[in-house]
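Beneath this line is the structure, given in structure tokens, with notes to follow.
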Amino acid sequence: MNQEGSACACACQNETDQEKYDRIQEIIDEYKDVEGSLIQVLHFAQGIYGYLPDELQKFIADGMNIPLNEVYGVVTFYTLFSTRPKGENTIGVCMGTACYVKGAKDVLKAFSDQLGIKVGQTSEDLKFTLEITRCIGACGLAPAITINNKVYQKVDPQKVHAILEEY
Ligand code: FES
């Protein structure tokens, strides 16, 4: 399946970078005089653009009339912000207590080895991003992982290959 076929079919798929920047500019205009609104603007910008590359951080800093350092500081401090493109699918390996005790570390290693990426990274084909999550409420059947919104329970390293094959 090609990338377009598997992703959502909404209009935003076809939006150009210029159109995305225009939308972000609108948000900046709306929030630039509101004190303490940087995080909100960054959040919107990430929602629109997908991640926050250097050029976009500079665009926001200029637009909001604040130093680039300040923007960079916020982006790197909060884990919810990403400076690199995300994969089509996000794998979240739970590292909550129950999952950890039941071997989540080995599950994480299996994903990492098979995809050739570390936590926080995206595979070269932009298909998967590997992340760690906190408890996702499936402790009874730990270790658990999520891929996008789907929860997988009782995952063991041997199942990792088959799970990845689904995508
Ligand atoms: S600790 Fe992993 S689901 Fe609760």
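Quick look at the values:
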quantity: Solvent exposure of the chain as accessible area per residue, Å², 1.4 Å probe; calculated: 61
quantity: Label point 7 Å beyond Cα of ASP113 along Cβ direction - residues of the stretch 121-163 with amide nitrogen under 16 Å; calculated: 156-163
quantity: For the stretch 45-61 and the stretch 69-84, distance of Cα centres in Å; calculated: 10
quantity: Unsatisfied cross-links (Cα-Cα over 19 Å) in the set LYS32/LYS86; LYS86/LYS127; LYS118/LYS154; LYS20/LYS86; LYS32/LYS58; LYS102/LYS159; calculated: LYS32/LYS86; LYS118/LYS154
quantity: Accessible surface ranking that places the most exposed of GLU26, GLU131 first, with a 1.4 angstrom probe; calculated: GLU26, GLU131
quantity: Fraction of antiparallel bridges per DSSP, the chain only, in percent to nearest 5; calculated: 55
quantity: Accessible area of the stretch 26-135 belonging to carbon and sulfur atoms, whole % at 1.4 Å probe; calculated: 51
quantity: Principal-axis tilt of helix 38-49 within the chain, Cα atoms, nearest 10 degrees; calculated: 70
quantity: Relative contact order of the chain, pairs being alpha-carbon contacts under 8 Å that are 6 or more residues apart, as %; calculated: 18
quantity: Helix axis angle, 68-77 relative to the chain longest principal axis, alpha carbon, degrees; calculated: 20
quantity: Extension gain, HIS43 back to GLU166 (0.36 nm per residue minus Cα-Cα distance, nm); calculated: 41.2 nm
quantity: Cα gyration tensor shape for the stretch 18-84, rounded if a/c is under 1.5, else prolate or oblate; calculated: rounded
quantity: Zone residues, the stretch 32-73, relative to ASP22, backbone N less than 19 Å from point 7 Å out along Cα-to-Cβ; calculated: 45-50, 56, 59-60, 63
quantity: Degrees, to the nearest 10: 17-31 long Cα axis against longest axis of the chain; calculated: 70
quantity: Prolate/oblate/rounded call for the chain, Cα gyration tensor, a/c under 1.5 rounded; calculated: prolate
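The values are calculated or read from the model by the stated rules, or taken from the named source; none is laboratory data. Predicted model, so just to flag it, every value in this text is computed and none were measured. Because the Cβ atoms are built from the backbone with ideal geometry, glycine has one as well, and the counts that use them run over all protein chains shown. Side chains are part of the model used for accessible areas, which takes the heavy atoms of the whole protein and leaves out ligands, DNA and RNA. Shrake-Rupley method; radii C 1.70, N 1.55, O 1.52, S 1.80 Å.
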